[in-house]
1. Quick one: of the DSSP bridges fully inside the stretch B:438-526, what percent are antiparallel, nearest 5?
2. Which helices count as membrane-span-like in chain B under these terms: full DSSP H, at least 24 Å along the axis by C-alpha, Kyte-Doolittle mean of 0.0 or more?
3. Can you work out the base-10 log of I(q)/I(0) for the stretch B:330-429 at q = 0.10, 0.15 1/Å, using the Debye formula on its C-alpha atoms alone?
4. Write down, largest first, the equivalent ellipsoid semi-axes of the stretch B:92-167 in whole Å, where each equals the square root of 5 times an eigenvalue of the alpha-carbon gyration tensor.
5. Can you give the longest run of chain B that contains no trypsin sites (Lys or Arg not before Pro) sitting in a DSSP loop with at most 15 other Cβ atoms inside 10 Å?
6. Could you report the accessible area of B:Trp147 in Å², rounded to 10, computed with a 1.4 Å probe on the protein chains as they sit in the structure?
7. Leaving out ligands, DNA and RNA but keeping every protein chain, what accessible area does B:Tyr90 have, in Å² rounded to the nearest 10, with a 1.4 Å probe?
8. Output the Kirkwood hydrodynamic radius of the stretch B:438-526, Cα pairs only, in Å rounded to one decimal.
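The values are calculated or read from the model by the stated rules, or taken from the named source; none is laboratory data. Treat the numbers as computed from the prediction; the structure is a model and nothing was measured. Counting neighbours? That spans all protein chains shown, and the Cβs are built from the backbone with ideal geometry, glycine included. We work out accessible area using only protein heavy atoms, side chains counted, and drop any ligands, DNA or RNA first. Shrake-Rupley method; radii C 1.70, N 1.55, O 1.52, S 1.80 Å.
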Amino acid sequence: MSVTFVAAPKRLLTMTVDGQTIKVPEGTTLLQACQQRGIDTPTLCYLENLTPVNVCRVCVVEVEGSRTLVPACSRKAEDGMVVKSDSDRVRASRKGVLELLASSVDLSLASPEVHQWMERYGAEPDRFGPSSAPPPGNPRDRARPGEHVPADGLAAATVSQPAKLDNDTYIRDYSRCILCYKCVEACGVDAQNTFAIAVAGRGFEARISTEFDVPLPDSACVYCGNCIGVCPTGALMFKSEFDMRNAGTWDESKQTITTTICPYCGVGCNLELHVQDNSIVKVTSPLDHDITRGHLCVKGRFGYQFVQHRSDGSEAQQ
Amino acid sequence: MDLRLGVGGPPTSAEKAAVDAVLGDPESSWLGGERTAAGGHIARGGHSARAQRHLLLPALQAVQASSGWVTPGALDYVCTRLTIPPAEAYGVAAFYSLLRTEPAATTVVHVCDDIACRCQGAEALCAEMEKRFGPPSEPGDTRAVSWVRSPCLGRCEQGSAALIQRAGQSPEMLSIAPASVAKIEHALGNGNGSKPLLDPTSPVRTDPAHRRLLRQVDVANPGSLSSYRAHGGYQMLRRALDMGPQGIIREIKEANLLGRGGAAFPTGLKWESVANNPVRPHYFICNADESEPGTFKDRVLIERDPFGVVEALTIAGYATGAERGYIYIRGEYPEAAERLCEAIEQARTQGLLGASIMGSEFHFDIELHRGAGAYIAGEETALFNSIEGHRPEPRNKPPFPTQAGLFAKPTGVNNVETLANVLEILRIGGAAFAELGTPTSTGTRLFCVSGCVERPGLYELEFGATLGELIAMAGGVSGGRPLQTVLLGGAAGSFVGPAALGTPLTFESVRAIGATLGSGVVLVLDDTIDVTDILRRIAQFFRDESCGQCVPCRVGTVRQEELLARMISRRPLGSPERELALLMDIGGVMRDASICGLGQTAAAAVQSAVSLGLIGGPSDGDRVAQQ
Ligand SMILES: Cc1cc2nc3c(=O)[nH]c(=O)nc-3n(C[C@H](O)[C@H](O)[C@H](O)COP(=O)(O)O)c2cc1C
Ligand code: SF4
Ligand code: SF4
Ligand code: SF4
Ligand code: FES
Ligand code: FES
């Protein structure tokens, strides 16, 4: 006997988004409902291949009857819901969230959309004053929960700190980290199941860390690079890209992207080879791939050196 | 899951013993046990080990007590036993302020410098501590004895408080209140086994004839179940078992009881939605995390009437169909936790917990969980995560706890004081209870009165008394000085001025003036107190206690503290008006876009102070300049 499982047909809900009545299937998020209406909603901690953590709060919308704003990325539509995605409260909160983030984190390598949203909402991160100089060393990694040096207010505290360079594959520059939890999710149950990193500390000193902040080679990391694949701010970066940026040779206008299939095993993950000056400079994978959802293993992600083994014996730059 | 273990090296034998005392002996060599012929082939990791994740925090606490910090070797051993990735366990350990994750002093004295103690000279005490013990501890400080400033230790009515945390062979936690350097030195010199240095007459001010929630305080012996029963204890459980769950819920609804933990949610509705949820099992939690600065009511109830808490929680479990109850008590309340532990033990031996309670079909037991220094763990969904062995980060709601709470099962959560009301409702009946107070604020309320009053302490009042009447009962402002302002509801509450003295202390009247009763804090400030200093401490508190999950609160609390510092030092960025507008904007995004009540209320006190003109007006700087 063969059994075919058919998903129960989804009930249609009627709701209002910015004054317009729409019908959406049960289970739709407010983000999807906004998309259906063609409304662009900023998101930072949301990614379609990860479980929503709804922590960044940049996607908030107003729902009639709700005391506070709600995160569009995870809140499910309900019958009769009245949603406003562009009210004064929504705009003020989105502006505020972007300002607070940009005043404390280096967003210079975040995607162009982030900068467009900042413009759209009129975010002025320097309202909080000049950024404080990074403290020597990285005291954030040793910060004790519930303690901090009282602020004098003359400069705005930031998460500025030196990048962590502890292996040959990728670097971690947490001065760019917005604490979106995406890397933790990708390293954990949403993809890799390795759990090499987690959030440690709390409050402004909350940070992504291995146990006791040990270097990656001493941690459980298997260098799949899936955390790099989901990081929205450039905090996690191929060592090759980091070195080229430092050398001033990184030039995306000179790069081509070649889509291919990983040669190593039978899964058939799609690879996107980013090539500059005839050398592979980084490897990504499309999020919408049926099987891998953009996630790879160490071989597909970093095992491309053999391609660059020149017949004359010279190696392409890393 | 592929754990990388062993990097931290082995635990010391003391650490292993401390962890085994919590987790039981390891079953096989895979889990760090003795290598025996048979054991070498059995691995009981997997589900059975992972199902014990709720033991993570107790195990970490055992390591902390043994070594003075959570060492890599011990963390590794705990992770092996429970099949938890070390990075996650470290993330949990590094959340709590009573745990250390690098070498630290074996004895740490936590000295309260929070809002109520500040009014009574906390800074002077800290200065004396510095003279005697050197500067406060910083990361990496491994002096034998060190000290740190602490948020409110829940002994505000005493005017000063300290907590000694001692690790080693016979670890202990010891409260001292009122605190002085001499008393602290004495306690340190006495070595282990010293008795708590607490003022035994910790003031409960309401006269016995008017006590309802405090009925058993100083009547029954808090260490003896038979004394409690001799004074009428456990009669309400008997009555509850006769009424049946639906009957109880009907009474609670008729009583119109609102939660006393801060959110004022109708208790009857909450119980009903847990009881009616078809998903099983159900859990019921007594929230005794009491960390709101200025609050000490739950501690008094627990220390002086622990059986009342156990009885009320048992009734709540029965009414909502739960077979397991939890009490989550803050880590800074060692004496209260000890009392509860004894009470639970005694109730078990007399068949008042366990199988077939009082000969009925009802089975119920209570687990006691101790916090480890985190205000946010009192937020109900953060509390679930804390018990489950995760970082106490609040969850997004919906789903609500009554749908998916502890271990994702339907869960009821009530504050200690709310539960105390349940006994009174069963005693006099829901209808009679509803006659007390006002129609929308029924019953009595515990008020934690501290600061500049003649008789600080715990007051039980029928709803309806005004703020002025309460302060008069407390003997008025100390020394007859003029009242400057009152902080109602704690750090998450708001300031009200002398104009509010005529306001009845009911949910509705206080809300009407834009304030909240919160956890019942009434902190009275006379004209000598520098309110900006109190505000700054409040801002520091929220910055320290934010879990850090969401941007508005994680960064907003930092910016709020910075801005207040500029206002106080009169070094505004641009004009003072611009600073005020910025302050309001920060408050707005925290209130509107934060995940939980911490961020949503982190600006409330500051903003109320602005609207009262206590700060930001022309006068505040002058007041500061005078001092
Ligand atoms: C930051 C924060 C801390 C809290 N701390 C406590 C607490 O220590 N004790 C408590 O009973 N409720 C606390 N609450 C409220 C709880 O989330 C919950 O509403 C309450 O325990 C429900 O009990 P009740 O209905 O009896 O008031 C806190 C809430 C927040 C947002
Ligand atoms: S590279 Fe892979 S294993 Fe290593 S931290 Fe990133 S996601 Fe985890
Ligand atoms: S490192 Fe990147 S992915 Fe990870 S939390 Fe920070 S910003 Fe997000
Ligand atoms: S509001 Fe603050 S405490 Fe609450 S979840 Fe957000 S960061 Fe954590
Ligand atoms: S994208 Fe919704 S909260 Fe971050
Ligand atoms: S014990 Fe010091 S403020 Fe509460």
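1. 75 percent
2. TM-like helix candidates: B:551-568, B:576-593.
3. Each listed q corresponds, in turn, to -0.36, -0.81.
4. Result for the stretch B:92-167: semi-axes of 22, 15, 9 Å.
5. No qualifying site falls inside B:144-569, the longest such stretch.
6. Only protein atoms counted, so the area is about 0 Å².
7. Ignoring ligands and nucleic acids, B:Tyr90 comes out at about 10 Å².
8. Across the stretch B:438-526, the inverse of the average 1/r is 12.6 Å.
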